[in-house]
1. Can you give the accessible area of GLU239, probe radius 1.4 Å, in Å² rounded to 10?
2. Using a 1.4 angstrom probe, figure out how much accessible area segment 24-182 has per residue, in square angstrom, rounded to the nearest whole.
3. Let me know the charge dipole size of segment 3-253 about its Cα centre in debye, to the nearest 20, where only the beta-carbon of Lys, Arg (+1) and Asp, Glu (-1) is charged.
4. Sort HIS129, HIS15 by heavy-atom solvent-accessible area, probe 1.4 angstrom, most to least.
5. May I ask what percent, to the nearest 5, of DSSP beta bridges between residues of the chain are antiparallel?
6. In Å, what is the Rg of the alpha-carbon atoms in the chain, and how long is Dmax?
7. Could you state how much accessible area MET89 has, in square angstrom rounded to the nearest 10, with a 1.4 Å probe and all protein chains kept in place?
8. Take every Cα pair under 8 Å in segment 144-254 that's 6+ residues apart, average their separations, divide by the length, and report that relative contact order as a whole percent.
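The values are calculated or read from the model by the stated rules, or taken from the named source; none is laboratory data. Here the structure is a predicted model, which means the values were calculated and not measured. Ideal geometry is used to build each Cβ from the backbone, glycine not excepted, and the neighbour counts take in all protein chains shown. Heavy atoms of the whole protein, side chains included, go into the accessibility calculation; ligands, DNA and RNA do not. Shrake-Rupley method; radii C 1.70, N 1.55, O 1.52, S 1.80 Å.
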Amino acid sequence: MNYLDQIDQHNVPKHVAIIMDGNGRWAKSQGKERIFGHFNGVEAVRASLKAATRAGVKYLTLYAFSLENWNRPKEEVDALMNLLVHTIMSEIDELDKNGVRLQTIGNIENLPLSCRAELEKGMERTKHHTTINLILALSYSARWEINQALRQIVASGISENEITDELISKHLTTAAFPDPELLIRTSGERRLSNFLLWQIAYAELYFTETLWPDFNEEDFYKAICDYQQRERRFGKTSEQLVSTDINSTTDTKL
Ligand code: IPE
Ligand code: IPE
Ligand code: MG
């Protein structure tokens with residue numbers, strides 16, 4: 001089955017978010033250390049970015065490291081940070097060549113200086129690109145993000161009735177991006193692990209048993225095809241949707 005050919009070009013999600021999970025189990029299944037799984041996960045990142053670009057997705061957000069992941073053994077955290085720096089260094093020419101704009105979300109200040117420097121260089125170099133946005137969620141926690149948004153809003157002295165959903169969205173680290181229409185999680189886990197809790201209010205969720213290092217282009221297209229079979233109702237009835245574009249965003253007039 002060639003899933004790319006099955007994709008309806010008029011109904012491609014603008015923003016796809018992925019919880020890249022299962023690297024440790026993949027490595028274990030090969031009798032290797034967890035970090036071996038992380039190294040091999042880079043190929044799946046390349047494949048997803050390529051597939052997202054070919055499918056016409058405009059924003060691809062990858063959950064690469066959660067705020068809670070700082071609690072992993074120091075060797076694993078250090079190895080992940082090194083992997084991040086080396087991957088950006090080795091991939092940046094390719095990203096630049098392919099019109100990819102690199103961006104980040106999360107509590108980036110927590111990252112080692114070497115990571116931040118490499119990320120900032122990469123973001124600066126690619127900031128004019130528009131083919132696709134590759135957004136890395138690093139030291140990311142949705143609750144942290146909502147917490148800091150509320151702090152900013154309170155500090156701005158805004159009055160109670162000026163607080164709208166849009167205002168809250170503007171104070172999140174995702175302020176510049178549309179909400180994801182599709183969220184993919186690999187490795188068979190069916191939880192959100194503190195990822196984009198506000199932004200995925202109406203996202204379609206897609207879970208696959210595939211472990212992240214095995215996730216390939218076809219898997220990505222398959223997820224998009226699955227998404228295109230869903231009826232996004234935004235609280236309305238199926239009958240109401242017949243006369244409207246079912247995948248247009250919600251009309252929130254109550
Ligand atoms: C996802 O794979 C990568 C990160 C969280 C950094 P895991 O490392 O969580 O792999 P499993 O879930 O233990 O198999
Ligand atoms: C979520 O995966 C974070 C990332 C993919 C970066 P985890 O493997 O850390 O999530 P839990 O601990 O299983 O919920
Ligand atoms: Mg995991």
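1. GLU239 has an accessible surface of roughly 140 Å² with all protein chains in place.
2. Details: 8490 Å² over 159 residues.
That works out to 53 Å² per residue.
3. Details: 29 positive and 36 negative charges, 47 e Å.
With only Lys, Arg, Asp and Glu charged at Cβ, the dipole is about 220 debye.
4. Working: HIS129 50, HIS15 5 Å².
Highest to lowest solvent-accessible surface, that is HIS129, HIS15.
5. On the way: 0 of 26 bridges.
Bridges in the chain that DSSP calls antiparallel: roughly 0 percent.
6. 18.7, 58
7. Looks like 100 Å² after rounding.
8. Details: 80 pairs, mean separation 21.7, N = 111.
Across segment 144-254, relative contact order equals 20 percent.
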